Amino acid sequence: MDETLTRWLNDPVIGKLVTSAVAVLVVVLVVRLLSRSLGRFIQDNETRYRTRKFIAFLGYVAVFVALAAIFSNQFRALTVAFGVAGAGIAFALQEVIVSIAGWVAIAFGNFYRVGDRIHLGGIRGDVIDIGVLRTTLMECGQWVNGDLYNGRIVRVANSFVFKEPVVNYSADFPFLWDEFAIAIRHGSDHRLVRRVLQRVLQDVVGEYTEFAKKSWETMVSKYRIEDARVEPMVTMVADENWMTFTARYVVDYRQRRITKDRIHSRLVDELTAAGPKIVLAASSLEIVEPSVVGIRRLDEQVATSA
């Protein structure tokens, strides 16, 4: 028994396996220790999250380097075998490799980050985690109207950043343009309608507009882009049926539905207070009584001609 144990201890393969296990254990302990101690030095949640991910990545790299150093002699002898096996693995795991490449692109290409609302792989939601292979989203929409969570957590492969457009609702500026239309009957005071709409928009989103204007100025200086209007705007189109007023304004991408509810609630109060000066238009259907048309049977025509 002692001779067998001695032979095992002197076996270089067993020694390298033991050394590898110790190296992996040390790396795991160091990674966990650093991850747990981040809260003492980093207060920001996003920075702490990204730092923890980076430490975990460094841990994987350290394990790979340690194993390569320990088994360097065996790796040289099996270079050809590893090359052939690597080609087969690359073909079989091409989706995984593309997802890892997508993770690198996300990390350094500023596609999106945790907390952004995006549309990726046919799914719209808020990014709650970015892994090496998949991005985890808290989904919005589907059977739920508006930009509200529906309760589903969806994991999308990072490879989709190379396959489909990545729509980011909050990449460089945290607002969206939104608008709605309202139809007013001809004969109403159209100037009063315009003033009411402008006043309601200014009262509800005016304060946010000042913040959005500063963000948009940064965008204009960063990109070659039109200096678009951020202030609330009301336009009118008139036809034979009614006058259509369109209200356009900027809104926080997370508050679109709530802001529209506040605007419409105020607008209903203002239009009610205006009385008969402003009358909402609605589609109407007029039924015309058909005229009497004389019809003669074919056999009557034949008998008359005979």
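The values are calculated or read from the model by the stated rules, or taken from the named source; none is laboratory data. Here the structure is a predicted model, which is why all the values come from computation and not from measurement. Don't worry about glycine lacking a Cβ; one is built from the backbone with ideal geometry, like all the others, and counts go over all protein chains shown. The area values use the complete protein model at the heavy-atom level, side chains included, leaving out ligands, DNA and RNA. Shrake-Rupley method; radii C 1.70, N 1.55, O 1.52, S 1.80 Å.
How do the helices (runs of 4 or more DSSP H) wholly within region 35-104 filter down when requiring 3 or more residues that are at pLDDT 75 or above: which remain?
45-70
Which ones in region 141-159 are outside any loop (DSSP other than H, G, I, E, B) and open to solvent by 40 Å² or more (accessible area, probe 1.4 Å)?
Passing the criteria: Y149, G151, R152, I153, R155.
Failed condition for R194, given (1) among the charged types (D, E, K, R); (2) assigned to a helix (DSSP H, G or I); (3) open to solvent by less than 50 Å² (accessible area, probe 1.4 Å), with all others met?
R194 satisfies all of (1) among the charged types (D, E, K, R); (2) assigned to a helix (DSSP H, G or I); (3) open to solvent by less than 50 Å² (accessible area, probe 1.4 Å) except (3).
Mind listing whichever residues of region 165-183 are of a type in the set (D, E), open to solvent by 40 Å² or more (accessible area, probe 1.4 Å) and either in a strand (DSSP E or B) or touching a residue at least 60 places away in the same chain (Cβ under 8 Å) (or both)?
E179 - this is the single residue of region 165-183 that is of a type in the set (D, E), open to solvent by 40 Å² or more (accessible area, probe 1.4 Å) and either in a strand (DSSP E or B) or touching a residue at least 60 places away in the same chain (Cβ under 8 Å) (or both).
Go through region 190-222 and give me each residue that's in contact (Cβ under 8 Å) with a residue 40 or more places away in the chain and among the hydroxyl-bearing types (S, T, Y).
Y208, T209, S215, T218
Consider T246 carefully, then state whether it is at pLDDT 90 or above and open to solvent by 50 Å² or more (accessible area, probe 1.4 Å).
So T246 does not fit the description; no.
So which residues in region 136-170 are more than 26 Å from D261 (Cβ to Cβ) and out of contact with any Lys or Arg (no Cβ under 7 Å at 6 or more places or on another chain)?
Across region 136-170, the qualifying residues are I153, V154, S159, F160, V161, F162, K163, E164, P165, V166.
Scan (1) open to solvent by 60 Å² or more (accessible area, probe 1.4 Å); (2) outside any strand (DSSP E or B) for the single condition S188 breaks and write down its number.
(1)
I'm trying to understand the selection: among the residues of region 200-241, which are surrounded by 15 or more Cβ atoms within 10 Å (Cβ to Cβ), in a strand (DSSP E or B) and β-branched (V, I, T)?
The answer is V234, and nothing else.
Of the conditions (1) modelled with pLDDT of 85 or more; (2) within 30 Å of G187 (Cα to Cα); (3) surrounded by 10 or more Cβ atoms within 10 Å (Cβ to Cβ), A281 satisfies every one except a single condition; which number is it?
Answer for A281: the failing condition is (1).
Just to be sure, is F162 at pLDDT below 90, within 17 Å of the chain's Cα centre (by Cα), assigned to a helix (DSSP H, G or I) and not polar (S, T, N, Q)?
Yes; evaluated as a whole, the condition is true for this residue.
I want to confirm something. Restricting to region 106-131 and keeping residues that are open to solvent by less than 20 Å² (accessible area, probe 1.4 Å) and small (G, A, S), which single residue is farthest from R152 (Cα to Cα)?
By that ranking, first place goes to G131.
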